[in-house]
Amino acid sequence: METNLVNIIRLYMTSIDIIVVFMSFIIMLMYLYLFSKNKKYALIKFYLDERIKKSFLIIAVATIIYSIGIFTEMFTLSLGIEIGVLFSEFCYLTFYFSTLYFSYSLFKSVRE
Amino acid sequence: MDFSNNFAMFPLDPTFTIIAYYLIPALLSIIGFYVSYKLYTNISSKPREMFIVAFSLTEDKTFTEMKIIAILFGMLFTSLSFTVIGMLTNNSSILSITMIMNMFFGIGMIYIITRWNKRISKVGKEWKQI
């Protein structure tokens, strides 16, 4: 029974990690596109965009959640509380989704 | 389910394990929490126009930051790929490398957020004076 739970949690964590790998790859590609052809001045469009404040706010909140995730994982790993590990995985996912949103709004503004 | 066994598979010195898996992540998460909370309060308390001025007057710096973020996410991508490979193959040395890479990602993000904080605070002060 316990082995099944371990396997399920491991499978769950691995699948989240795989999703996150793809997300970080997409984010990296967006940033690479951004400075591939020296789009320095195109960044102004992003500054004038109404979403700029919201985007940076999201990044701030996401980093707070990420920090909580690391802190939770650190303790729960040693104490063996499974739910804490799952919680921290959700925190990481939130962080990556928020960063993806930020990168996408930046990418969209520059592309336009 | 004993997750503490996860640490046992890393062939490291116990003192190093405590520093690498407890002290450094704890310190980084506290600093990360502090700087990102400061960024949140900084942004939410200031008008959008000031925010535009803060970033559009420092294009070169922002462009450099974007480059750093790209490098950080490139490193994170490599690190996460290694994590998946390490978890699937149960290879402890690969997992150890990912810990170090994640640590660098954390330091990099803290550095970027601190730079944003400084810039917003500086422009905020000038904005108030005007």
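The values are calculated or read from the model by the stated rules, or taken from the named source; none is laboratory data. In this text the structure is predicted, and so the values were computed from the model without any measurement. Neighbour counts are summed over all protein chains in view; Cβ atoms, including those assigned to glycine, are modelled from backbone coordinates with ideal geometry. Note: accessible area is taken over every heavy atom of the protein model, side chains too, but ligands, DNA and RNA are not part of it. Shrake-Rupley method; radii C 1.70, N 1.55, O 1.52, S 1.80 Å.
One residue stands out among those in region B:55-69 that are crowded, with 18+ Cβ neighbours inside 10 Å and at pLDDT below 80: the one that is nearest to A:Phe107 (Cα to Cα), which is B:Met66. Note on region B:38-130: enclosed helices (runs of 4 or more DSSP H) holding 3 or more residues that are free of Cβ contacts under 8 Å to residues at least 40 places away in the same chain and under 29 Å from A:Thr14 (Cα atoms) are B:59-89, B:92-129.
Please verify whether A:Ile58 is at pLDDT 80 or above, of a type in the set (A, V, I, L, M) and over 28 Å from B:Leu27 (Cα atoms), treating the condition exactly as stated. Here the answer is no, as A:Ile58 does not meet what is asked.
Against the test of being open to solvent by less than 40 Å² (accessible area, probe 1.4 Å), facing another protein chain (nearest Cβ under 10 Å) and more than 22 Å from B:Tyr37 (Cβ to Cβ), the options B:Ser92, B:Ser79 yield a single qualifying residue, B:Ser79. Among the residues of region A:95-103, is there at least one that is in contact with a Cys (Cβ under 8 Å, 6 or more places away or on another chain), open to solvent by less than 10 Å² (accessible area, probe 1.4 Å) and part of a helix (DSSP H, G or I)? No - not one qualifying residue is present in region A:95-103. Here B:Met109 does not qualify as closer than 17 Å to A:Phe95 by Cα, at pLDDT 80 or above and open to solvent by 20 Å² or more (accessible area, probe 1.4 Å). For region A:58-112, filtering for residues that are more than 7 Å from chain B (Cβ to nearest Cβ) and in contact with a Pro (Cβ under 6 Å, 6 or more places away or on another chain) leaves 0. Among the candidates B:Ile52, B:Ile30, B:Ile24, the residue that is facing another protein chain (nearest Cβ under 8 Å), under 13 Å from the mean Cα position of the chain (by Cα) and surrounded by fewer than 20 Cβ atoms within 10 Å (Cβ to Cβ) is uniquely B:Ile30.
What residue, among those in region A:30-53 that are at pLDDT 65 or above and facing chain B (nearest Cβ under 9 Å), is farthest from B:Glu65 (Cα to Cα)?
Step by step, filter region A:30-53, then rank; the result is A:Glu50.
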